1. Within region 200-207, does at least one residue satisfy the condition of being in a helix (DSSP H, G or I), surrounded by 17 or more Cβ atoms within 10 Å (Cβ to Cβ) and of a type outside the set (D, E, K, R)?
2. I need the full set of residues from region 373-396 which are over 15 Å from residue 202 (Cα atoms) and out of contact with any helix residue (DSSP H, G or I) (no Cβ under 6 Å at 6 or more places or on another chain), in order please.
3. Considering each of 188, 120 in turn, give the residue that is more than 30 Å from residue 406 (Cβ to Cβ), touching a residue at least 40 places away in the same chain (Cβ under 8 Å) and not in a helix (DSSP H, G or I).
4. Filter region 410-446 down to residues that are assigned to a loop (DSSP other than H, G, I, E, B) and either in contact with a strand residue (DSSP E or B) (Cβ under 6 Å, 6 or more places away or on another chain) or not charged (D, E, K, R) (or both), then give me how many there are.
5. Determine which member of the set 437, 397 is loosely packed, with under 11 Cβ neighbours inside 10 Å and of a type outside the set (D, E, K, R).
6. Just wondering, is there one or more residues in region 417-430 that are surrounded by fewer than 10 Cβ atoms within 10 Å (Cβ to Cβ) and farther than 30 Å from residue 48 by Cβ?
7. Kindly provide the set of residues from region 359-371 that are part of a loop (DSSP other than H, G, I, E, B) and out of contact with any helix residue (DSSP H, G or I) (no Cβ under 6 Å at 6 or more places or on another chain), ordered by number.
8. Could you check region 361-388 and list, in sequence order, the residues that are out of contact with any Phe, Trp or Tyr (no Cβ under 6 Å at 6 or more places or on another chain), surrounded by fewer than 20 Cβ atoms within 10 Å (Cβ to Cβ) and of a type outside the set (Asp, Glu)?
Amino acid sequence: MNDKDSYNLEFARDTEEDDRTPEQQALIKRSDIGGMLERERALAVSERRASGVDDRLVRSYQLFEGSRDTQGQATWSSEVPAATVGSRAYTNIVRQITNDGAHQIGDLLFPNDDRNYGLKPIGIQAPPLAIEGEPAVDSKGKQLVNAEGEPVTNAQAHTLRVKRAMKKTKRMFTQLDAALVAARYPSKARECIKHGAIYGAGVLKGPLPTKSRKGRWAKKGGGYALNKDIPMYPNVTVVNPMDFYPDSTAIDIEDCLYTWERIPMQPQDLERAIDEVKFDEGAVRRVLVSPPIQTAYDGSDAVDEAKAPVNSTGRQTGRYLCWERHGIMKREDLEALMVSVPKGKREYFNSIVTMCNGEILKAVIVEYESDDSLYSVYCWDEDPLSIFGYGIPWLMQDQQASYVASWRMALDNGGLSAAPQLLIDRSMITPVDGKWQMHGGKEWYIKENNYEVGSTNAPFQVVEIKQNLAEIFVMMDRSVADAYEVTGVTRVDNQGGLDNSPVTLGATQILQNNSTVSRRGQARRWDDRVTLGLVTRFYDYFMQFDLVEDNKANMEVEPRGATVLLAKELTATNTIQLFQMTAGGEAPGAKGIDILRGLEAAMQIPAGTYVETMEEQGAREQQEAEEAEKGGEPDPMVALEERKIEVLEAEVELKMARDKFNEMVEMNKAEMDAQRFQLEDALAGNMSDQQTQARLDAYNAKMAELEAKRAASMEALQTTNQTQRDIAAAKVGGDGSTKRREADIKEREIANKERELSYKERTGNQGI
């Protein structure tokens, strides 16, 4: 408070109660409420520290960061003391294992930012079997009819109700999903999971009506400008568990009487909040009069303690610590804070109060009809007696210490065994240079003939230090294996998980189930603690504030993280086995493309990346069908030209057959003439051998002439045939624009020609 307010308050307290004005009474009342809330906040802070949660948060952070001082001493522990002589190495395995665990669960629940939630309608009861066939009536006894005005039975009415509810559920899911995407729920969920892995608890808060500061780009005048006049949207925020102070007496967030959240704010944030979230301007100005907070690093604050540099006394942060309280308040207290309280008999209301430096900046009643907490808490390993759980660093701190101790032992052993130890008898020798440090080529004096070369009593003796690195490395590997075991994180290596030995399908499933039981437990915990509560609150938000009534119905949220995980694991394994058993989907009756689609989905590969989707397959098959249909109805002009080619080929073949027939006739005639001549000569007996030979030569010459003529005729016929075919083929390709009338005329001519050729072939009549 400023001096004036302090004076007025003090004056009001000094005034007799009966003599106080209403303004004085209100001032005292608001001051008392502020003091009560401040004491409650201080109690929440002190109880969290006393419960050991602060120490757990701080140590978990320091283990994750691998904090240590300049001497190699871990600032979080005395269990791994740095030796005065020897290795001071500190290798942090906590960070890698924690990151592995957080990424595994994050990728598991949100693989491609998929939805790990769903909606389903509820409360639609089926009619009893006895009245399913009876006419359906409404609450007033009026007969129900369908869209066509026809009466419906109870069974039909139930079916219509289910269909209508499913349509509403689909629209509501679309709206809800769009809101969660706008709030960047998947990315904030992964951040919350990371907090759970580190600190043991991750906190999500929402839905929070939020107005975008940036706005949206819109065309204005000749250019573009940011339009900040956009409606508010339900948002989700991630709360650092170190800034979260719930009721320490509760073990579940829904059982808390109150929760306090620390919110560091810069001065400009406080001023901006006057207009944006309606902070009390007078209270803000009084806060800004005082200086920002200073970190003390005195152990009184978990965040300061976790980030405390070595030997630091503190520094100015430039921020003010605001505190936001969620919890129940009485009607009279709210009215004293100038909050508009609904009329009625109700005396307690769920409220939000924001304070800073003892000043109440804002107080409002939560408008949600549901009294559910706006916070959802996810724990990596739950504490049955606390809202906060145990994170990976806390669970594996002994394994981290064991690993560091083993690693330092290995380095020390390696250094000692790398070079031998020397025992020197100073009574026998002395260094020429007066220095006892060893080096190559060093010279020594023999003292008083105490040493003879070759004597067994040598001034130098070599002691070899045994190297035990193999045994130490086993200890280190054991520490790492134990760390994965106690934290439930699946080790990431290059071995592919299971060995390569053949196992049955059932054995594979058992092995996979055993190897992922911890991850499934984490997925179920997220479903139970976060998904169900947060998504339900978003659903309640739209049911209460959304003006579109057609989207509303009685629904419930379905968390699907663990279910989807188990289904994907088993589906992937089974699908691979099925694909192999069906010879890559080629076995008779196997649906190879469907198997590949299922495998693609089970392996979390985006649909259509490597296997065509059903839509792509349908489009391809439709295109192929259209092409096949188009090809099954040939162009009539193309068919006509093809028939032309067939007729020409028939004509050529007929002519070739006729010529061959004529040649055979000629050859037979010539042979018969020769035989007749020989017979006549034999009968006459008066022909000389020379004459006979001359007749034979003439016959052979004639036969050669006939053969040459036949070959020339065949070549000419083949040339003519090819030419005619080329012309016909060109006609087929280039005469597509011929009119249908001309095509019909030509078709009739060809038909007549075909009939003529058929007649010639049957009768042998050449038409001459």
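1. Of all residues in region 200-207, those in a helix (DSSP H, G or I) come to none.
Looking through region 200-207, none of the residues is in a helix (DSSP H, G or I), surrounded by 17 or more Cβ atoms within 10 Å (Cβ to Cβ) and of a type outside the set (D, E, K, R).
2. The answer is 384, 385.
3. 120
4. Residues in region 410-446 being assigned to a loop (DSSP other than H, G, I, E, B) and either in contact with a strand residue (DSSP E or B) (Cβ under 6 Å, 6 or more places away or on another chain) or not charged (D, E, K, R) (or both): 12 in total.
5. When all the criteria are applied, what remains is 437.
6. Taking region 417-430 first, the residues surrounded by fewer than 10 Cβ atoms within 10 Å (Cβ to Cβ) are 418.
Okay, now just the ones that are also farther than 30 Å from residue 48 by Cβ, so 418.
Yes, that holds for at least one residue.
7. Listed by number, the residues that qualify are 366, 367, 368, 371.
8. 364, 366, 368, 370, 384, 385, listed by residue number.
The values are calculated or read from the model by the stated rules, or taken from the named source; none is laboratory data. Only a predicted model underlies this, so the values are computations on that prediction, with no experimental measurement involved. Ideal geometry is used to build each Cβ from the backbone, glycine not excepted, and the neighbour counts take in all protein chains shown.
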